[in-house]
Amino acid sequence: HVQLVESGGGSVQAGGSLRLSCAASGYTFSSDRVGWFRQAPGKEREGVAAILIGGEVTSIADSVKGRFTISEDNAKNTVYLQMDSLKAEDTAMYYCASGSPYGGGWREEYAYSYWGRGTQVTVS
């Protein structure tokens with residue numbers, strides 16, 4: 001059974017940092033694209049960053065560029081989202097997802113086959 005589990009969320013003051021983790025079980029990320037999405041109350045879910053597993057290809061939204069970094073650890077079958085210089089606007093539920101890199105653009109939800117349940121990030 002495929003399961004993606006996010007962790008690392010919490011409450012932090014503006015300017016602080018958090019590192020989110022997305023761990024997969026019953027599945028490996030090999031050759032997949034793994035993305036991070038976020039959704040704040042009353043707003044549409046938006047793509048934050050994505051990484052192509054097995055290569056050094058990453059994508060990142062303009063809104064977080066220079067502050068967030070996506071990376072992966074194959075040994076742990078885990079993808080990370082390092083979030084620095086956090087702002088109140090970053091407050092949202094953060095989700096990780098995986099899918100074929102040929103399924104669509106990295107920002108498109110339909111391009112991802114598996115989704116985690118999310119981890120809350122609150123910046124005050």
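For this structure, a couple of remarks:
- Considering the conditions (1) touching a Phe, Trp or Tyr at 6+ places or on another chain (Cβ under 8 Å); (2) without any contact (Cβ under 8 Å) to a residue 24 or more places away in the chain; (3) not basic (Lys, Arg), Tyr95 is excluded by exactly one of them, (2).
- Scanning the range 101-124 for residues being under 22 Å from Arg19 (Cα atoms) and either of a type in the set (A, V, I, L, M, F, W, C) or not in a loop (DSSP other than H, G, I, E, B) (or both) gives a total of 8.
- Members of the range 100-113 that are modelled with pLDDT under 95 and either under 22 Å from Pro41 (Cα atoms) or surrounded by 14 or more Cβ atoms within 10 Å (Cβ to Cβ) (or both): Pro101, Gly103, Gly104
- Of all the listed residues (Asp73, Asp32), the sole one being surrounded by fewer than 20 Cβ atoms within 10 Å (Cβ to Cβ) and of a type in the set (Asp, Glu) is Asp73.
- Cβ pairs under 7 Å, 6+ apart, first in the range 59-70 and on the phi < 0 side of the Ramachandran plot and modelled with pLDDT of 95 or more, second part of a strand (DSSP E or B) and among the polar types (S, T, N, Q): Phe68/Gln82; Thr69/Gln82; Ile70/Thr58
The values are calculated or read from the model by the stated rules, or taken from the named source; none is laboratory data. Only a predicted model underlies this, so the values are computations on that prediction, with no experimental measurement involved. Because the Cβ atoms are built from the backbone with ideal geometry, glycine has one as well, and the counts that use them run over all protein chains shown.
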